[in-house]
């Protein structure tokens, strides 16, 4: 089952490689991983999307927590949380009809066209993974996708719950 | 110098800071080997006399020597190696310490920061190389990083579940041209690392009520007891509960090997009574042990009727291979004391009516004498007989550092260790070549004690160059090689599993080990027959001030028994050739 893990860690050189190394060393799965410094530059916040049964997930959480650089890790999957991913996708936009249709689909998904060329539109969309997948599927029926990039998901708990020192 | 710096403060080079940091942390010995990137540190070592440097002949031996020193004393072992090959030669020793949770700090040189990433001469990313086999590591990039990194390295290596820490020191922060003020804070606190020490009171109460409900309790204790010096508490707990106790290979000496409640080592080459007791237990109290695959055999068949209480400082060890019904995270000495307190607070007295049938059953298994062998007078010497003779001569009080293979198992089975830290072996990694340098580390710490290196003709050749170091630093260990002219454990598996095909498992062109030892300036004693075994061994142990290499010709056909039947339950064992339990 897919799980979303939120990690707060020291923003030290090598911290990221320790996490990535741990996952490969112990044959844990990484679906996506995002990391950036927080508002406190001495800390990094990471979101990992992974898959595994309860026993594997328990090991992942414990093993990550055991890393000296890691301050906290929590599995936010089962509690109320927000999950967002950013998609940038470049599509062919040749005819008036296809331009109109791409614009319409983008509006429906509440995306934005952020760059245009003679024959292309570049669209930005945020949402959870399902929404992004649905958008890509819909676009595919209308036009040709030239390239796309996804950020991997970031997650945060709803309400008062917070991951902080 | 920046404005605001104290103009009167004394300035030091990075190399001097390394040595001053180690002094501040009460380091007595560094085990190492010089080279380009660390010459400044060697120059700083030369100009002081608080710390002694031990020059090995290969960096791997430096790590094992520091490891043996740490295992015997409980202190942090310190290694110094140069960049590139010096550092990579440490990798096996770091992995060995990591697998057995041994506190160690490895200081590695590195090329200058301006050259890092350029494939410079003797450049290796040692922090990257060692990442999966260390507790933590530090890349120092400026003078000010040095004392902080070293203080933290010692703190991390020696607290919680101990382990090796690597500190990388680039050449340009060590050289005389760069100087700075020296400050070290040895009272380290880290927001990201707080080793949990006390067991949760609710879990303690749960553990105690489970123990009280047990009809067939077994205490299964491991290396954690040794590492946390909890032997006296374990003994008190065993005697309070009147329960049987088994030790892992790493836990031997955690309770006296001659204690009446001790039912031997468990696992692959453990005693039948230990494995049978585990298989038939209704409650297993695991103390500082980690359900290693060499203990459990097939996990699917592992002790299906037992409620498992698992005490460990490392949460990842709990429910990793075997699900724990009552997990307790905490230092094992602290938790045992909590359990003892809770037992006392609830007026515990052992129920003799419950204990009697359980002990009766265990004694039936004991009477099968699974740890036994046959020695005929006119046959070749059995390796087990050599271990028993060593035990008698040293009164069971020697430090025994072992290499890896059949001799290691024979030592574990036939030398009942009285105290913790007496038995020094590479249990987790199974590193051949560990024995001699580890024994040297022990001898350095305890020059007046008998220190044995038990080894084989295979293992000893993996670090035999250290005979030279022994001569230089006067480390008169007694090396006892059970020489069977083959890689005995490999050969045993080939006999049992591979149809007797001895693929690359025997040693052609062995040296004359006694002459080799003599050429280094040591004493060599050869033992060929049973008749001369006891007297020549006694002679070897009577020589106090010189290293003695005892080369014992043993029966090459002997196998280690009992032995787990592969894919079976913990108590499914071969008792001898073709005989199952």
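How big is the C-alpha Rg of region B:383-560 next to the rule-of-thumb value 2.2 N^0.38 Å, as a ratio?
My calculation over the Cα atoms of region B:383-560 gives 0.96.
Given the -39500 (n - 2.57) contribution per DSSP H run of 4+ residues, what per-residue ellipticity at 222 nm results for the protein assembly as shown, rounded to the nearest 500 deg cm²/dmol?
Here the helix-only value at 222 nm equals -10000 deg cm²/dmol.
Can you give me the distance in nm between label points at residue A:147 and residue B:348, each placed 7 Å from the Cα along the Cα-to-Cβ direction?
6.6 nm
Calculate the length of the line joining the C-alpha centroid of region B:512-563 to that of region A:70-119, in whole Å.
Their Cα centres are 76 Å away from one another.
If each of residue A:20 and residue B:465 carries a label point 7 Å out from its Cα toward its Cβ, how far apart are those two points in nm?
3.5 nm
How high is the relative contact order of chain A, in percent, with contacts defined as C-alpha pairs under 8 Å that are six or more residues apart?
Here the relative contact order equals 28 percent.
Take residue B:47, project a point 7 Å from its Cα along the Cβ direction, then tell me which residues of region B:159-175 have their backbone nitrogen under 18 Å from it.
B:171-175
Which angle between 0 and 90 degrees, to the nearest 10, do you get for helix B:383-393 versus the longest principal axis of chain B when only C-alpha atoms count?
Taking the Cα atoms of chain B, the angle to B:383-393 is about 80 degrees.
Find how much the distance from residue B:510 to residue B:535 grows on full extension, using 0.36 nm per residue of separation minus their present alpha carbon separation; answer in nm with one decimal.
6.5 nm
Please work out the C-alpha center-to-center distance from region B:173-241 to region B:86-117 and express it in whole Å.
So the separation of the two Cα centres works out to 25 Å.
Between 0 and 90 degrees, rounded to the nearest ten: what's the tilt of helix B:59-73 against the longest Cα principal axis of chain B?
With rounding to tens, the tilt is 60 degrees.
How much of the DSSP bridge set in the protein assembly as shown is antiparallel, in percent, rounded to the nearest 5?
45 percent
At q = 0.06, 0.07, 0.10 Å⁻¹, what is the base-10 log of I(q)/I(0) for the protein assembly as shown according to the Debye formula with one equal point scatterer per Cα and no solvent? Please give it to two decimals.
Results for the protein assembly as shown at q = 0.06, 0.07, 0.10 Å⁻¹ read -0.44, -0.59, -1.07.
Using mean Cβ contacts within 10 Å as the protection proxy, how do B:184-191, B:42-49, B:8-15 order, highest first?
In descending order of packing, they fall as B:8-15, B:42-49, B:184-191.
Within region A:119-149, whose backbone N sits under 15 Å from a point 7 Å along Cα→Cβ of residue A:112?
A:122-127
Once the mean 1/r over all distinct Cα pairs of region B:201-366 is inverted, what Kirkwood radius in angstroms do you read off?
So the Kirkwood estimate lands at 15.4 Å.
Could you work out how far apart the two model spin labels at residue A:97 and residue B:200 are, taking each label as a point 7 Å from the Cα in the direction of the beta carbon, and quote it in nm?
6.4 nm
Stick to the Cα atoms of chain A, pair each with every other, and give me the Kirkwood hydrodynamic radius in Å at one decimal.
Value: 17.6 Å, from the Cα pair sum.
By its C-alpha gyration tensor, with a ≥ b ≥ c as the square roots of the eigenvalues, how is region B:398-470 shaped: rounded for a/c under 1.5, else prolate for a/b larger than b/c, else oblate?
Taking the square roots of the gyration eigenvalues as a ≥ b ≥ c, region B:398-470 is oblate.
Using the beta-carbon distance between residue B:556 and residue B:298 and R0 = 41 Å, what value does 1/(1 + (r/R0)^6) give for FRET efficiency, to the nearest 0.05?
Rounded to the nearest 0.05, the efficiency is 0.85.
Stokes-Einstein D for region A:2-75 at 25 °C, 0.890 mPa s, Kirkwood Rh over Cα pairs, in µm²/s?
In µm²/s, the coefficient rounds to 201.
Can you compute the FRET efficiency between residue B:240 and residue B:321 using 1/(1 + (r/R0)^6), with r the Cβ-Cβ distance and R0 = 41 Å? Round to the nearest 0.05.
The formula returns an efficiency of 0.90 here.
Report the FRET efficiency, 1/(1 + (r/R0)^6), for residue B:178 and residue A:41, where r is their Cβ-Cβ distance and R0 is 41 Å, rounded to 0.05.
Working from the Cβ atoms, E equals 0.95.
Give the Rg (one decimal place) followed by the Dmax (whole number) of region B:5-71, computed from C-alpha coordinates and expressed in Å.
Here Rg and the maximum Cα pair distance are 13.7, 44 Å.
In whole Å, largest first, what are the principal axis extents of the Cα atoms in chain B?
Principal axes ranked by extent give 80, 62, 42 Å for the Cα atoms.
The numbers here are math on the coordinates, done by the rules we state, and not lab data. As the structure is a prediction and not an experimental result, all values here were calculated from the model. For neighbour counting, all protein chains shown are included, and Cβ atoms are generated from backbone atoms with ideal geometry for every residue, glycine included.
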